[in-house]
Amino acid sequence: MQMETNFAYIDENYKRIVDAMEEAKAKYRKPTDEITLMAVTKTVAPEAVNHAISCGIHTLGENRVQEYLSKKDFYAKDAKVHFIGHLQTNKVKYIIEDMELIHSVDSIKLASEIDRHAARVNKVQDILIEVNVGGEESKSGIAPDQLEELLWQGGQPSPRHGSGPFSVHVRGLMTIPPVEGDEKFLYKMQQLYLDISSKKMDNIDMEILSMGMSGDFATAIRYGSTLVRIGTALFGARNYQK
């Protein structure tokens, strides 16, 4: 019982976040719009993550392959796990069976490797294309003006498949906008998302727009986000040097 008491702050933070999400949705969105709250679990102990799940969060965001592998057996079994960090091609094989969605695909090379390993384990892996909407050198992601070309290439049959089925399925876009002027970039991302949605490209379904974190999730909801990624606002400040 003592361990449960230690996580009272998560209950309070969760309620605050949900209230803010509902307020933003009521102000800017349709009542029928669904917005997923993801718990970003980087450096967070599995016990705290499981408490967040017990509060009602069922989508977890993992940043690092090694950390995920060390913690996954301790997570509640009903949690849906997404990979949101930079993913190296040589690490795909370690997570491919577990991930419901991979957010951080920014090249044909990575998409092809995911496709190859997904076929190996007999699944279709849902992915998002990560867009570097602010053009920041420190961040991963495809440049906005290269997005359509990447999506077009991703919709073509690979040599391995010929004209057969794909083992990856693009479900939408993800971004981390610059801290300065993020509202302008959130708007730009919304327009990219709507533009791609209107083109009806092969094997591309614009169903998810993943943007908004602890500091800007309400603004991201205003600009069409369907999935917000919350770490610090839920779990508090953590030691990212681990």
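The values are calculated or read from the model by the stated rules, or taken from the named source; none is laboratory data. All values reported here derive from a predicted model rather than from experimental measurement. Note that we place each Cβ from the backbone using ideal geometry, even for glycine, and neighbour counts take in every protein chain shown. The protein model used for the area step is the full one, side chains on, heavy atoms only, and it has no ligands, DNA or RNA in it. Shrake-Rupley method; radii C 1.70, N 1.55, O 1.52, S 1.80 Å.
The table below lists the values:
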{"read-out": "Odd one out for I95 among (1) buried (at least 16 other Cβ atoms within 10 Å of the Cβ); (2) over 19 Å from L69 (Cα atoms); (3) free of Cβ contacts under 8 Å to residues at least 40 places away in the same chain", "value": "(2)"}
{"read-out": "Residue that is modelled with the lowest pLDDT, among those in segment 139-171 that are open to solvent by 40 Å² or more (accessible area, probe 1.4 Å) and in a helix (DSSP H, G or I)", "value": "Q153"}
{"read-out": "Matching residues in segment 28-51 - criterion: being over 23 Å from E207 (Cβ atoms), part of a helix (DSSP H, G or I) and either basic (K, R) or more than 21 Å from the chain's Cα centre (by Cα) (or both)", "value": "E47"}
{"read-out": "Contacts under 7 angstrom Cβ, first residue in segment 24-52 being free of Cβ contacts under 8 Å to residues at least 40 places away in the same chain, partner surrounded by fewer than 20 Cβ atoms within 10 Å (Cβ to Cβ) and not in a loop (DSSP other than H, G, I, E, B), 6 or more apart", "value": "P46/K71; P46/F74"}
{"read-out": "Among the candidates A20, A52, A39, A26, residue that is among the small types (G, A, S), within 25 Å of T219 (Cα to Cα) and exposed (fewer than 12 other Cβ atoms within 10 Å of the Cβ)", "value": "A26"}
{"read-out": "Test: residue in segment 89-96 that is over 19 Å from the mean Cα position of the chain (by Cα), of a type in the set (S, T, Y) and at pLDDT 95 or above", "value": "no"}
{"read-out": "Subset tally (residues that are over 17 Å from the mean Cα position of the chain (by Cα) and of a type outside the set (K, R)) for segment 193-218", "value": "8"}
{"read-out": "Selection count where residues are part of a helix (DSSP H, G or I), aromatic (F, W, Y) and touching a Pro at 6+ places or on another chain (Cβ under 9 Å), scope segment 52-76", "value": "1"}
{"read-out": "Residue in segment 172-186 that is touching a Leu at 6+ places or on another chain (Cβ under 8 Å) and at pLDDT below 90 present", "value": "no"}
{"read-out": "Close pairs from segment 143-163: first under 21 Å from K123 (Cα atoms), partner at pLDDT 60 or above and of a type outside the set (A, V, I, L, M, F, W, C), Cβ under 6 Å, at least 6 apart", "value": "G155/D202; G155/N203"}
